[in-house]
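Bear in mind these aren't lab numbers, they're just calculated from the coordinates by the rules spelled out. Note that the structure is a prediction, hence the values are computed from the model and not measured. Don't worry about glycine lacking a Cβ; one is built from the backbone with ideal geometry, like all the others, and counts go over all protein chains shown.
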Amino acid sequence: MKYTFNLQLTSNPKTKPDPSTLKFGKVFTDHMFAMEYSTGKGWHDGRIVPYGPIELEPSSSVLHYSQQMFEGLKAYRTADGRILLFRPYKNAARVNETNERMCIPQLDEELFVESIKALVSVDKDWIPTTPGTSLYIRPFIFANENFVGVAPAKKFNYIIICSPVGPYYDTPGGGLLAASIYVEEEYVRAAAGGTGYAKVGGNYAGAMKAQEKAAKLGCDQVLWLDAAQHSYVEEIGTSNAFFMIGNEVITAPLLGTILPGVTRASVIELLQKWGVNVVERRLAIADVLKAHEDGSLKEIFSTGTAAVISPVGKLQFRDTEFIIGNGGVGELSQKLYSEIYGLQTGRIEDYMNWTVEI
Ligand SMILES: Cc1ncc(COP(=O)(O)O)c(C=O)c1O
């Protein structure tokens, strides 16, 4: 261990929720990690303290110009009682790509991983053990200088909170469920030169309007198109999108508008290992619909920490609904889910060397 953190345990531990009632991000554990940055001093005072409110002055810079970022990953409890993180160094690298874009100071990757390990160890009894459950970990950094002006702050807070979460799909046994997706042609998520590749709150705030529109149309998520021509597929909601056309699996390239998902990278690496032809290239929505018409569009699925793999059963483009495959869970989607979830939870031996034990 390169870092040590002060520890102040809560004197008022909370009652843990019944695992069968767990939703996403509603309940938080007993403790949080906190650390500050100031110019000249760097990152300092890393500590674990009871989970609770943070005090900000109304002039705190993050409340005005949103200089902030966040991450998301999970800890899983294995059947033999071990605690596993899934590729946390990938999240650590993404923190610094985001920070670089947002004029937020760099955070040592080892500090990031050690701070997560320290907090999860203290709150380890909060990791649920029933199938499909996990501990969601939410690290975030925000500017906290009492200054109303558009300039990078000189002071930041780094905090981690954790939330026990239930299975993503509300199905008997937690099996996959196919989603319906609305192709969004009006609103865009990210433009070239913007912050699409960075994990910053503003990207998500700006996306809510389209999500609301999709929900009104009875769809679960939106399929984002590129900002310049509104014709190339990019992401699905807050996850990366894959399209299987013929024997090719296509995903959008990382050209600055796509979040480089950890699950996306893992899917690409697994498909390559399995000898599947996976390519990162631009794909027009018109070509997706053409492939649907000629029968070569086999599957669409999206990837992310929350659901791992989310199969798409239906695509709505303007007023027309297109059923993908048989409208249910595709074969490749199911295979990828079983393999990645198996590796994450230790049910499959980690031949990819992806997990980090706490
Ligand atoms: C916009 C967006 N794209 C993709 C992803 C998937 O990334 P990951 O696989 O690292 O969870 C996320 C989720 O974090 C996201 O918010």
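Kyte-Doolittle cut-off 0.0, length cut-off 15 Å along the helix's own axis using Cα: show which whole DSSP H helices in the chain pass. Intermediate results must be reported in sequence, preceding the final value.
Details: long enough: 88-101 (20 Å, -1.87); 109-122 (20 Å, 0.95); 262-273 (17 Å, 0.45); 331-344 (20 Å, -0.47).
Correct list, ordered by number: 109-122, 262-273.
Can you give the charge dipole size of the range 81-173 about its Cα centre, rounded to the nearest 20 debye, using +1 on the beta carbon of Lys and Arg and -1 on the beta carbon of Asp and Glu? Walk me through the intermediate numbers first.
Numbers: 10 positive and 10 negative charges, 15 e Å.
The dipole magnitude comes to about 60 debye.
Taking 30 Å as the straight-line reach from the Cα of K216, the lysines in range (excluding those fewer than 8 positions away in the same chain) are K23, K26, K199, K290, K298, K314. Computed from the Cα positions only, the extents of the chain along the three principal axes stand at 62, 51, 36 Å, in decreasing order. Here I348, I159, I258 are placed in order of increasing Cβ neighbour count within 10 Å, fewest first, which gives I348, I159, I258. In units of the compact-protein estimate 2.2 N^0.38 Å, the range 1-123 shows a Cα radius of gyration of 1.18.
For the range 164-254, state which GluC sites (Glu not before Pro) are in a DSSP loop and have at most 16 other beta carbons lying within 10 Å of their beta carbon. Numbers along the way, then the final one.
Values: sites: E184, E185, E186, E212, E234, E235, E248; in loops: E185, E186.
Those that pass, being in a loop and sparsely packed, are E185, E186.
The order of S239, S20, going from fewest to most other C-beta atoms within 10 Å of their C-beta, is S20, S239.
Remark: the N353-V148 segment gains 69.2 nm on full extension, using 0.36 nm per residue and subtracting the alpha carbon distance. The ranking of R77, R47 from fewest to most other beta carbons within 10 Å of each one's beta carbon is R47, R77.
Determine the shape class of the range 177-348: with a ≥ b ≥ c the square roots of the Cα gyration tensor eigenvalues, call it rounded for a/c under 1.5, and otherwise prolate if a/b is greater than b/c, oblate otherwise. Taking the square roots of the gyration eigenvalues as a ≥ b ≥ c, the range 177-348 is rounded. In loop segments of the range 238-283 as defined by DSSP, the chymotrypsin sites (Phe, Trp or Tyr not before Pro) with at most 14 further C-beta atoms inside 10 Å of their C-beta are W274. Think of the range 203-314 as a dipole: +1 on every Lys or Arg Cβ, -1 on every Asp or Glu Cβ, centred on the Cα centre; then among I245, A306, S266, A306 lies furthest on the positive end.
Here the Karplus curve 6.51 cos²θ - 1.76 cosθ + 1.60, taken at θ = phi - 60°, turns the phi angles of the range 132-140 into couplings of x, 8, 6, 10, 7, 10, 10, x, 8 Hz, with x standing for Gly and Pro.
Sorted by mean Cβ packing within 10 Å, highest first, what order do the peptides 143-151, 128-136, 308-316 take?
On the way: 143-151: 15.7, 128-136: 18.6, 308-316: 22.9.
Ranking, from highest mean packing down: 308-316, 128-136, 143-151.
If you take all other residues with their beta carbon under 12 Å from the beta carbon of G202, and give Lys and Arg +1 and Asp and Glu -1, the sum is +3. The range 247-338 gives an Rg/Rh value of 0.94, both radii derived from C-alpha positions and Rh following Kirkwood. Length available on full extension from A93 to I54: 0.36 nm per residue minus the Cα-Cα distance, which gives 11.4 nm.
Here each label is just a point 7 Å from Cα along the line to Cβ, and for K41 and F70 those points are 2.6 nm apart.
About its Cα centre, the chain has a charge dipole of approximately 480 debye under the convention of +1 per Lys or Arg Cβ and -1 per Asp or Glu Cβ, with nothing else charged.
To the nearest 20 debye, what charge dipole does the range 177-348 have about its Cα centre, counting +1 at the Cβ of each Lys and Arg and -1 at the Cβ of each Asp and Glu?
Details: 15 positive and 19 negative charges, 84 e Å.
The dipole of the range 177-348 has a size of about 400 debye.
Using θ = phi - 60° in the Karplus curve 6.51 cos²θ - 1.76 cosθ + 1.60, the 3J(HN,Hα) couplings for the range 194-206 round to x, 10, x, 7, 9, 9, 10, x, x, 4, 7, 4, x Hz; x is entered for Gly and Pro.
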